[in-house]
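Student: Have a look at this one before I ask anything.
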Amino acid sequence: MMDADHPKRPGPCGYDAELRRHNEVLSRACGIQARDRVLDIGCGTGQTTRQAARTARAGSALGVDVSAPAIERASELARAEELRNVTFERADAQVYRFPQERFDLAISRFGTMFFGDPVAAFANIGRALSPAGRLMMIVWQAHERNEWDVAIRRSLGGPQVLAAIASGGPDPFSLADPPAVTDILEAAGFTSVTFTDVREPVYYGPDVAAALDWVRGFTCTSEALKRLGPAAAAHAVGRLREALAAHAGDDGVWFNSRAWIVTAHRR
């Protein structure tokens, strides 16, 4: 799977490393301008927010996330990079009182799939956008289109375990269906909703051992393994290790994935 865009010397994994290819695609698609005021939803440790701030050098960027440790780390990195036009807030975008009509663009890299009430959340985000403001987010397509999810599910075992996990936690594929997402966004006050197919791989680490550590940290993986007995869990981990080994190369462990870039405008 080696090509010009993959590192010749694979580095450690982390959320930003996992989504490096998706980050490039979203960054190009957003077309941020020098004076834009950007709102980054579910910003994590702020990679996308800091990138937006560097591009919007005469504008600004605000990153929000529900995780206090992530926001603290994002602020530390921004200070280290001496970025003066970026700020971070611990906030739930569904209910946070954003300044009205403040932002030209709202972006999100896989940060909008877990709202309890997506219509209310996107309506709240929409009120923060200027009348000509745009929303651009990248979200996963259906799980069966994502090789990484298929491989993990198969490794973890039977349908009862997976059904229990799916019913008990956040759904990363909640915005996978274009008609349903269009209905949500239109109900929230957006218009001109479009979907762009993204086919880029995810990176799980420089080798099988690192990839296994990374994947075992996923909520779905850890919860599924907890529900299995010791022997069954050991077998599941063995199957997962084999699946990761089948996708390992000189440039690390990669899995194919499918996502949408969703674009909408405030009505």
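Student: Where does each of 211-219, 105-113, 144-152 land if you order them by average Cβ count within 10 Å, highest first? Spell out each step's value before the answer.
Tutor: Details: 211-219: 16.8, 105-113: 23.8, 144-152: 18.8.
Highest mean packing first, the order is 105-113, 144-152, 211-219.
Student: Now for a different question. So if each residue of separation counts as 0.36 nm, and I subtract the Cα-Cα distance between ARG97 and ARG57, what length gain in nm does that give? Before the final figure, lay out the partial values.
Tutor: Values: separation 40, 0.36 × 40 = 14.40 nm, distance 2.52 nm.
Residue separation times 0.36 nm, minus the Cα-Cα distance, leaves 11.9 nm.
Student: Then there's this: Accessible area per residue, 1.4 Å probe, Å², for the chain: what's the number? Intermediate values should be presented prior to the final figure.
Tutor: On the way: 12780 Å² over 267 residues.
On a per-residue basis, the chain sits at 48 Å².
Student: Something else about it: Using alpha-carbon pairs under 8 Å, 6+ residues apart, how would you state the relative contact order of the range 1-154 in percent? Could the numbers behind the result be given before it?
Tutor: Details: 245 pairs, mean separation 31.7, N = 154.
Computed over the range 1-154, the figure is 21 percent.
Student: Turning to a different aspect of this structure: Once the Cβ-Cβ distance between ALA80 and SER222 is put in as r, and R0 is 25 Å, what FRET efficiency do you end up with, to the nearest 0.05?
Tutor: Numbers: r = 31 Å, r/R0 = 1.24.
Using R0 = 25 Å, I get an efficiency of 0.20.
Student: Set the Förster distance to 30 Å, then compute FRET efficiency between ARG241 and ASP16 from the Cβ-Cβ distance, nearest 0.05.
Tutor: Values: r = 24 Å, r/R0 = 0.81.
Computed FRET efficiency for ARG241 and ASP16: 0.80.
Student: A follow-up question, please. Starting from 0.36 nm per residue, how many nanometres of slack lie between PHE195 and ALA232 once their C-alpha separation is accounted for? Intermediate values should be presented prior to the final figure.
Tutor: Numbers: separation 37, 0.36 × 37 = 13.32 nm, distance 4.05 nm.
Working it through step by step, the gained length comes to 9.3 nm.
Student: If I compute solvent accessible area with a 1.4 Å probe over the protein chains, what percent of it on the range 165-267 is carbon and sulfur? Walk me through the numbers on the way to the answer.
Tutor: Values: 2580 of 4870 Å².
The value for the range 165-267 is 53 percent carbon and sulfur by accessible area.
The values are calculated or read from the model by the stated rules, or taken from the named source; none is laboratory data. Quick caveat, the model's predicted, so the values are computed rather than measured. Because the Cβ atoms are built from the backbone with ideal geometry, glycine has one as well, and the counts that use them run over all protein chains shown. Keep in mind that these areas ignore ligands, DNA and RNA; they rest on the heavy atoms of the full protein, side chains included. Shrake-Rupley method; radii C 1.70, N 1.55, O 1.52, S 1.80 Å.
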